[in-house]
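Trainee: For reference, the structure I am asking about is given below.
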Amino acid sequence: MDFPTTCPQCAHVNRAEFADSSVHDLRCARCGARYCVLVRKQKFEVLFDLGTRALMDGYAREAVASFAAALERFFEFYVRAFALEHAAGREGSFEEALTALEGTWRHVSSQSERQLGMFALAYLLREGREPDFLTPKGLGTEFRNRVIHRGALPTRAEVDAYAAGVFTLIDRLLTELGGSTAHAELVQEQAFAAHVRNLPDGVTVVFEEHPGMFRARRFGTLSPIAKPDKARVQAASGVNDARAFQQALFERALEERGSLLHGFKSAP
């Protein structure tokens, strides 16, 4: 996945491949100037936007893989936000809390089922209620496994529905986290600061906030929408109101950010 970035010296638009660390040390193809682009975007956001781009380009099966990975990485983000939020109210430094978190996560880093268990417990402790959405139907598990593990070729409508469900769940949990997301986001900011300190003289640092589906909800103009009337929706479409709401919410976000996301992988 690559994206356009403008040279701070000559304004030439270069293409950069999105790095896992969100840190990009670049050299302008026109003037040769060195600059560093730091993208304030979490892994789950990158993966979901990658899925959206694949969906818009007609790659339905590839989109499913990215949406599924985005959900898994969001569960990790939630656990990190909860653990650091909890540590903030206790004695000890942020660095100590982060070290303990990293050490704990290493025990489950290669096992998705254990990661899901950590998320379920974090949600219970934070919200005081069962995460009743963690069902095969709620997570679209059967569809995901059919596509990713059994090689099924999904229709656009099926992928739209799956994407809408993933988007709505992440959006809901982000809303519940509220300002607590800042605890997990601080980890990225610290990594950025450490990288900047080690840059040689003469390198310009650029911070960027890329357009994304969840940024539309949190920082953009996309306003909340009311859940549709259940009886009316069922009579008109034969589907329940939850599915209709998920689809409407996803379509609103896609309309808000879809055109901007075209810049990620379009030709220079």
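Trainee: Scan around Asp2 for amide H atoms under 5 Å from its own, H built in the peptide plane at 1.01 Å from N, and keep only partners 5 or more places away or cross-chain.
Mentor: Here Phe18 satisfy the definition.
Trainee: Give the span of the stretch 100-201's Cα atoms along each principal axis, as three whole-Å numbers ordered largest to smallest.
Mentor: 52, 38, 28
Trainee: Please compute the Cα-Cα pair-distance distribution of the stretch 1-120 with 10 Å bins starting at 0, giving whole percents from short to long.
Mentor: Bins of 10 Å from zero give 12, 29, 29, 22, 8, 0 percent of pairs.
Trainee: While we're on this one: Taking the Cα centre of the stretch 27-143 as origin and charging only Cβ (+1 Lys, Arg; -1 Asp, Glu), how large is the dipole, in debye to the nearest 20? Walk me through the numbers before you get to the answer.
Mentor: Values: 16 positive and 16 negative charges, 129 e Å.
Result for the stretch 27-143 is approximately 620 debye, rounded to the nearest 20.
Trainee: Could you work out how far apart the two model spin labels at Arg40 and Asp57 are, taking each label as a point 7 Å from the Cα in the direction of the beta carbon, and quote it in nm?
Mentor: For the pair Arg40/Asp57, the computed spacing is 2.8 nm.
Trainee: Ranked from highest to lowest mean number of other Cβ atoms within 10 Å per residue, what is the order of the peptides 133-141, 70-78, 33-41, 2-10?
Mentor: Details: 133-141: 14.3, 70-78: 21.8, 33-41: 18.8, 2-10: 16.2.
Answer by packing, highest mean first, reads 70-78, 33-41, 2-10, 133-141.
Trainee: Let me ask another. Tell me, what HN-Hα J-couplings in whole Hz come from the Karplus equation 6.51 cos²θ - 1.76 cosθ + 1.60 at θ = phi - 60° for each residue of the stretch 16-32, using x for Gly and Pro?
Mentor: Per-residue couplings from phi come out as 10, 7, 5, 8, 4, 8, 6, 10, 10, 8, 10, 10, 5, 5, 8, 9, x Hz.
Trainee: Hey, if you put +1 on the Cβ of every Lys and Arg and -1 on every Asp and Glu Cβ in the stretch 1-127, which of His24, Leu98, Leu47 ends up farthest toward the positive end of that dipole?
Mentor: Positive-most Cα among the choices belongs to His24.
Trainee: How large is ³J(HN,Hα) for each residue in the stretch 140-146, as worked out from phi by the Karplus curve 6.51 cos²θ - 1.76 cosθ + 1.60 (θ = phi - 60°), to whole Hz, x for Gly and Pro?
Mentor: In residue order, the calculated couplings are x, 4, 4, 5, 4, 5, 5 Hz.
Trainee: Residues with amide H under 5 Å of Val206's amide H, sequence separation 5 or more or different chain, H placed in the peptide plane at 1.01 Å from N; which?
Mentor: For Val206, whose amide H was placed from the backbone, the distant partners under 5 Å are Cys36, Val37, Leu38.
Trainee: Related question: For the charge dipole of the stretch 31-190, defined by +1 on Lys and Arg C-beta atoms and -1 on Asp and Glu C-beta atoms about the Cα centroid, which residue among Ser66, Leu177, Met118 has the Cα displaced farthest towards the positive pole?
Mentor: The residue sitting farthest along the positive end of the dipole is Ser66.
Trainee: Along the Cα-to-C-beta direction of Leu153, a point sits 7 Å from the Cα; which residues of the stretch 52-77 have their amide N less than 14 Å from that point?
Mentor: Of the residues in the stretch 52-77, 59-62 have backbone N under 14 Å from the label point off Leu153.
Trainee: Per residue, how many Å² of accessible area does the stretch 5-59 show with a 1.4 Å probe? Present the calculation step by step, with values, prior to reporting the outcome.
Mentor: Numbers: 2410 Å² over 55 residues.
Ligands and nucleic acids excluded, the result is 44 Å² per residue.
Trainee: At 1.4 Å probe size, with every protein chain present, just tell me what the per residue accessible area of the stretch 108-154 comes to in Å².
Mentor: Details: 2990 Å² over 47 residues.
So the stretch 108-154 comes to 64 Å² accessible per residue, rounded to a whole number.
The values are calculated or read from the model by the stated rules, or taken from the named source; none is laboratory data. None of these values were measured; they are calculated from a predicted model. Please note: Cβ atoms are built from the backbone with ideal geometry, for glycine as well, and neighbour counts cover all protein chains shown. Remember, those area values only see protein heavy atoms, side chains included, never the ligands or the DNA or RNA. Shrake-Rupley method; radii C 1.70, N 1.55, O 1.52, S 1.80 Å.
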